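What follows is a short report on a single structure.
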Amino acid sequence: MTDFFTGIPAITYQGPDTDTDFAFRHYNPDEMVAGRRMEDHLRFAICYWHNFAWPGGDPFGGQTFLRPWFGETMEHAKLKADVAFEMFRILGVPFFCFHDADMRPEGASFAESTRNLEEMVEYFATKMEAGGPKLLWGTANLFSNRRFMAGAATNPDPDVFAYAAATVKTCMDATHRLGGENYVLWGGREGYETLLNTDLGRELEQMGRFLSMVVEYKHKIGFKGAILIEPKPQEPTKHQYDYDVATVYGFLQRFGLEKEVKVNIEQGHAILAGHSFEHELAMAASLGLLGSIDMNRNDYQSGWDTDQFPNNVPEVALAYYEILRAGGFTTGGTNFDAKLRRQSLDPEDLILAHAGAMDVCARGLKAAAALLENGALESARSARYAGWDRPEAQAMLQSDLETITSGVLAQGIDPQPRSGRQERLENLINRFI
Ligand code: XUL
Ligand code: CO
């Protein structure tokens, strides 16, 4: 036991009328929602990096958090893990996520970094076996160290490609060892700062081959989880190749990987790409790519990836509506890739940020489930396309322009516009939120 969270009670469901801050008001893990326990729908995960590895810096200032585990030794890494697992227990989350660089100190060589990682993986495994949460996903940090400044798989230097491939192998091994349900690739530096020094075609080829190797290795080691790409349009690069869900789909198809890889969609990244979160989710669901989500928002005015905890129930409800409509999560879940504001210094800030976010998600989920169960939105959607259920309409899709033209002339087809009823549907949704 560390003393970091001393005095902070385990957070439990106490209902909306409780007057303590240290409780769930809406997240009730055992409550049944649309035929499933709430915990099994939401599948919450806490991220290791923002909570335990991020020092509170921003582009204009450095560390604000003073944590006893900050330091580059194995003792520090173990203390960090002890505190992390205490936080997982206080919040009762079923999952967590990590990057290699969050959990182990960087060694003087690749071999030493790998040894550090392997030792920490065993340390984690013991804690997980003792009742800790499960691993939602693992990933490699291929963006912080200066060696990756010009990209990992897309680097102009083949030695960096090799280092990145070896790093991903060790992170896939770690994820497999810890029973991870997914493996994520976020290509933070896979893009460019300027086209002037970039061979875009060559870089995309490298990235396609790299991802194919990841898929080959997954099958080789018998990893049963999903491989997920996390799209983002920019930041830190000016342009990231995995721009959004639609771009990722085109890329996967080009390399024949569309049945092998899905996506991890982050709310803030969707906004940076000029989309809504629900757009990205609906797009992924329609393409059969929906994997998992990072439930963290940006500040709408700043235009940065501010990674804030969710606090907007109507937005969250629309997101879970798309997820429920697609059948809910399988291997995926709700990861809070969110960080405190840098002035939120206290241990309790970490706990309350997550407790509030989990309540927001619970409210969104319940609203989404009620809306789906009500059925009016889906009936309105089906009614709008009902003409396509007619056999002649389906036959037209197998026809050709000349035949269709003859039909238009022969039948005197003259389409009559109908209302899209947007405001009516918006009113309907507001009844549930
Ligand atoms: C960066 C981001 C990453 C990924 C994992 O914007 O979202 O934390 O989720 O590398
Ligand atoms: Co993320």
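The values are calculated or read from the model by the stated rules, or taken from the named source; none is laboratory data. All of these numbers come straight from a predicted model, not from anything done at the bench. Here the Cβ is made from the backbone with ideal geometry for all residues, glycine too, and neighbour counts use every protein chain on show. Only protein heavy atoms, including side chains, enter the accessible area calculation; ligands, DNA and RNA are left aside. Shrake-Rupley method; radii C 1.70, N 1.55, O 1.52, S 1.80 Å.
Does the stretch 293-314 contain at least one residue that is over 27 Å from Phe98 (Cβ atoms), assigned to a strand (DSSP E or B) and either modelled with pLDDT of 95 or more or open to solvent by 30 Å² or more (accessible area, probe 1.4 Å) (or both)? No, the conditions are met nowhere in the stretch 293-314.
Examine the stretch 300-318 for a residue that is on the phi > 0 side of the Ramachandran plot and among the acidic types (Asp, Glu), and state whether such a residue exists. Yes; the residues of the stretch 300-318 include at least one that is on the phi > 0 side of the Ramachandran plot and among the acidic types (Asp, Glu).
Output the residue which, of all residues in the stretch 223-240 that are away from ligand 2 (no atom under 16 Å from the Cβ) and touching a helix residue (DSSP H, G or I) at 6+ places or on another chain (Cβ under 8 Å), is nearest to Met295 (Cα to Cα). Out of the qualifying residues, it is Gly225.
Which one is most open to solvent (accessible area, probe 1.4 Å), of the residues in the stretch 404-433 that are farther than 30 Å from Ala370 by Cα and of a type in the set (A, V, I, L, M, F, W, C)? Only one residue fits best here, namely Leu409. All conditions but one from (1) away from ligand 1 (no atom under 15 Å from the Cβ); (2) open to solvent by 50 Å² or more (accessible area, probe 1.4 Å) apply to Ala165; the one that does not is (2). Could you list, in sequence order, all residues of the stretch 22-52 that are free of Cβ contacts under 8 Å to residues at least 40 places away in the same chain and part of a loop (DSSP other than H, G, I, E, B)? Hits for the stretch 22-52 are Asp30, Glu31, Gly35.
Residues are listed down the side, and each one gets a yes or a no for (1) within 15 Å of ligand 1 (Cβ to nearest atom); (2) within 20 Å of Asn145 (Cα to Cα); (3) open to solvent by less than 30 Å² (accessible area, probe 1.4 Å):
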{"position": "Glu181", "(1), (2), (3)": "no, no, no"}
{"position": "Tyr192", "(1), (2), (3)": "no, yes, no"}
{"position": "Ser212", "(1), (2), (3)": "no, no, yes"}
{"position": "Lys224", "(1), (2), (3)": "no, no, no"}
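From the list Leu345, Leu324, the lone residue that is within 28 Å of Gly250 (Cα to Cα) and more than 16 Å from ligand 2 (Cβ to nearest atom) is Leu324.
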